[in-house]
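*Asks:* If you scroll down you'll find the structure; I have some questions about it.
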Amino acid sequence: MNEQPGSHASFRQWAEQRLQEIETTLASLEAGAERLTGELRVEADHAIAALKRQRDALRATANELEAEAASAFAIRRAEVE
């Protein structure tokens, strides 16, 4: 049984692309934050930390969903064979 478009592999590719976009955004924000001082720097650091938490949550969810999809795919393949 071959994987179809839209399978867990396609989702993983999509998730990896989004994670790379987040990494690029974080790098840009961190570089810009280095030029800030005082309260603005504190606010920027908090925003960057929040984005990192969201990135980590997306990565964890993607990993969970990929594992679930792989398991479901294996079960389905076993049923068909």
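*Asks:* In the set E23, E34, E30, E64, which member is without any contact (Cβ under 8 Å) to a residue 60 or more places away in the chain, of a type in the set (D, E) and farther than 30 Å from F11 by Cβ?
*Replies:* Working: E23 fails: farther than 30 Å from F11 by Cβ; E30 fails: farther than 30 Å from F11 by Cβ; E64 fails: farther than 30 Å from F11 by Cβ.
Testing whether each residue is without any contact (Cβ under 8 Å) to a residue 60 or more places away in the chain, of a type in the set (D, E) and farther than 30 Å from F11 by Cβ leaves just E34.
Residues are listed down the side, and each one gets a yes or a no for (1) surrounded by 12 or more Cβ atoms within 10 Å (Cβ to Cβ); (2) modelled with pLDDT under 95; (3) at positive phi:
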| position | (1), (2), (3) |
| --- | --- |
| Q4 | no, yes, no |
| F11 | yes, yes, no |
| T25 | yes, no, no |
| E30 | yes, no, no |
| R35 | no, no, no |
| G38 | no, no, yes |
| E43 | yes, no, no |
| E64 | no, yes, no |
| I75 | no, yes, no |
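*Asks:* Now for a different question. Look at the stretch 52-62 and say how many of its residues are open to solvent by 40 Å² or more (accessible area, probe 1.4 Å) and either among the aromatic types (F, W, Y) or under 15 Å from T25 (Cβ atoms) (or both). Let's see the steps before the verdict.
*Replies:* So the first thing to find is which residues in the stretch 52-62 are open to solvent by 40 Å² or more (accessible area, probe 1.4 Å), and the list is 52-54, 56-61.
Checking which are either among the aromatic types (F, W, Y) or under 15 Å from T25 (Cβ atoms) (or both) leaves us with 52-54, 56, 58-59.
The total comes to 6.
*Asks:* Just the residues that are within 8 Å of the chain's Cα centre (by Cα) and more than 11 Å from R18 (Cβ to Cβ), please, taken from the stretch 51-60. Show your work before the answer.
*Replies:* First pass over the stretch 51-60, keeping only residues within 8 Å of the chain's Cα centre (by Cα): 55-60.
Listed by number, the residues that qualify are D56, A57, A60.
The values are calculated or read from the model by the stated rules, or taken from the named source; none is laboratory data. Model, not experiment: these values are computed from the prediction. All Cβ positions, glycine included, derive from the backbone under ideal geometry; neighbour counts span all protein chains shown. Accessible surface is based on the protein model in full, side chains and every heavy atom, while ligands, DNA and RNA are left aside. Shrake-Rupley method; radii C 1.70, N 1.55, O 1.52, S 1.80 Å.
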